[in-house]
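Asks: I am attaching a structure below and will ask some questions about it afterwards.
The values are calculated or read from the model by the stated rules, or taken from the named source; none is laboratory data. In this text the structure is predicted, and so the values were computed from the model without any measurement. As a convention, Cβ positions derive from the backbone with ideal geometry for all residues, glycine included, and neighbour counts pool all protein chains shown. Heads up: the accessible areas ignore ligands, DNA and RNA and are worked out on the full protein's heavy atoms, side chains in. Shrake-Rupley method; radii C 1.70, N 1.55, O 1.52, S 1.80 Å.
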Amino acid sequence: METKISEITDGIYRLSTFVPDIAPPAGFTFNQFLVLGDEPLLFHTGLRKMFPLTQAAVSRLVAMERLRWIAFGHYEADECGAMNEWLAVAPQAQVAHGQTGCMVSLNDMADRAPRVLADGETVDLGGGRRVRYIDTPHIPHGWDAGVLFEESTRTLMCADLFTQIGNGPALTQGDVVGPAIAAEDVFKYSCLNPGMGATIRGLSKLAPRTLALMHGPSFAGDCSAALRALVDDYDRRISEAADAFKVA
Ligand SMILES: [Fe+2]
Ligand SMILES: [Fe+2]
């Protein structure tokens, strides 16, 4: 395995590791995102067992002594499995996550106390970079789920939203909705819930310019339209599930 590094927008790097054994024959990618600034931020730690590979890649972009923030979508192995490995090698680094994740998991599981982020709170990374934390409970899964929006580049680091299988390019202007619907059919990874419409349509109002997918290519194009199309499909699934429940 190798970790490929690509700059997807000014100062934001995608570190992508392709694992052919997951969802064969297409395979599956695990992506981390490094936002440079005076206080560099890593979004997703990668799997614990992938840490040597991920760390080698991140080290090519930033010294471990400078890494300041470690954030992720929710508490799960691919999102934060290597959290304590990062804390051990990056002395200035601190985990930052939403209130639910800190209360439920991170206050205990992180080797140093996390910074608790309120819904909508921003963190100034310096160098013109500023990230906004947004709670997205249960979307696509995990009651502690959240996303980060980098305001200067309008990049939405949307964690598992738009998950797709395969090993696409680092950045695409092509369709990311169809592949996400196909992956939902395969994995059924999303927690279908009534809050999806309002939350994902709220994300579309941020008018992102780039979507940084944890599992798939980053997307440069009409991100608001892509988010609305994704939630239209979730709406369909939710109403079909509700209808089936009524029949049963
Ligand atoms: Fe996940
Ligand atoms: Fe994930």
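Asks: Only Lys, Arg, Asp and Glu count, each charged at its Cβ (+1, +1, -1, -1), so figure out the dipole size of the chain about its Cα centre, rounded to 20 debye.
Replies: In debye, rounded to 20, the chain gives about 260.
Asks: Run the numbers on the chain and let me know its relative contact order in percent, using alpha-carbon pairs under 8 Å that are six or more apart.
Replies: Relative contact order, the chain: 16 percent.
Asks: Oh, and also: Averaging the inverse of every distinct alpha carbon separation and then flipping it gives the Kirkwood radius. What is it for the chain, in angstrom units?
Replies: 18.0
Asks: Tell me, which longest segment in the chain has none of the GluC sites (Glu not before Pro) that fall in DSSP loops with at most 12 further Cβ atoms within 10 Å?
Replies: In short, 66-248.
Asks: Under the 0.36 nm per residue contour assumption, what length would be gained going from the current alpha-carbon distance of Ala63 and Phe245 to full extension?
Replies: Full extension of this stretch gives 60.2 nm more.
Asks: Let me ask you something else. What are the lysines whose alpha-carbon lies under 25 Å from the alpha-carbon of Lys4, with same-chain residues fewer than 8 places away excluded?
Replies: Counting by Cα, and skipping residues close in sequence, Lys4 has these lysines nearby: Lys49.
Asks: Additional query: Which values of log₁₀ I(q)/I(0), to two decimal places, follow from the Debye formula for the range 148-248 at q = 0.14, 0.17, 0.19 Å⁻¹ with a uniform point scatterer at every Cα?
Replies: -0.51, -0.74, -0.90
Asks: Give the angle, between 0 and 90 degrees and rounded to the nearest 10, that separates the Cα long axis of helix 223-247 from the longest principal axis of the Cα atoms of the chain.
Replies: 50
Asks: Let me ask something else. Is there a quick way to get the dipole size of the range 24-100? I mean about its Cα centre, with the Cβ of Lys and Arg at +1 and of Asp and Glu at -1; what is the value in debye to the nearest 20?
Replies: 160
Asks: Within the range 105-160, what whole-number % of the accessible surface is contributed by carbon and sulfur, with the 1.4 Å probe and all protein chains included in the calculation?
Replies: It is 48 percent, rounded to a whole number.
Asks: Could you work out [θ]222 nm for the chain from helices alone, using -39500 (n - 2.57) per DSSP H run of at least four and dividing by all its residues? Round to the nearest 500 deg cm²/dmol.
Replies: Rounded to the nearest 500, it is -8000 deg cm²/dmol.
Asks: Can you work out the FRET efficiency for the pair Gln99 and Ala77, with r the C-beta to C-beta distance and R0 = 25 Å, to the nearest 0.05?
Replies: 0.70
Asks: Go ahead and run the numbers for FRET between Val186 and Asp21, Cβ-Cβ distance against an R0 of 22 Å, rounding to 0.05.
Replies: Once rounded, the FRET efficiency stands at 0.90.
Asks: I'd like the carbon and sulfur percentage of the solvent accessible area for the range 4-64, probe radius 1.4 Å, heavy atoms only, ligands and nucleic acids excluded.
Replies: Of the solvent-accessible surface of the range 4-64, carbon and sulfur hold 53 percent.
Asks: Can you list the HN-Hα couplings for the range 7-16, worked out from phi with the Karplus curve (6.51, -1.76, 1.60; θ = phi - 60°), rounded to whole Hz and with x for Gly and Pro?
Replies: With the stated coefficients, the range 7-16 comes to 8, 8, 7, 3, x, 10, 10, 9, 10, 10 Hz.
Asks: Here is a follow-up. Can you give me the accessible area per residue for the chain, using a 1.4 Å probe, in Å²?
Replies: So the chain comes to 42 Å² accessible per residue, rounded to a whole number.
Asks: Sticking with this one: Quick one: of the DSSP bridges fully inside the chain, what percent are antiparallel, nearest 5?
Replies: Bridges in the chain are about 70 percent antiparallel.
Asks: Evaluated at 20 °C with a viscosity of 1.002 mPa s, what Stokes-Einstein diffusion coefficient in µm²/s does the range 185-230 have when Rh comes from the Kirkwood expression over alpha-carbon pairs?
Replies: Estimated diffusion coefficient is 184 µm²/s.
Asks: By how many degrees, between 0 and 90 and to the nearest 10, does the Cα long axis of helix 177-187 differ from the longest principal axis of the chain?
Replies: Tilt of helix 177-187: around 90 degrees.
Asks: If you keep only loop residues by DSSP, which chymotrypsin sites (Phe, Trp or Tyr not before Pro) in the range 1-79 have at most 15 other Cβ atoms within 10 Å of their Cβ?
Replies: In loop regions of the range 1-79 (DSSP not H, G, I, E or B), there are no sparsely surrounded chymotrypsin sites (Phe, Trp or Tyr not before Pro).
Asks: Shifting gears a bit: What does the C-alpha gyration tensor say about the overall shape of the range 14-160? Classify as rounded when a/c is under 1.5, otherwise prolate if a/b is larger than b/c, or oblate.
Replies: rounded
Asks: Related question: Taking just the C-alpha trace of the range 128-203, give me its Rg and Dmax in Å.
Replies: According to the Cα coordinates of the range 128-203, Rg and Dmax are 13.3, 40 Å.
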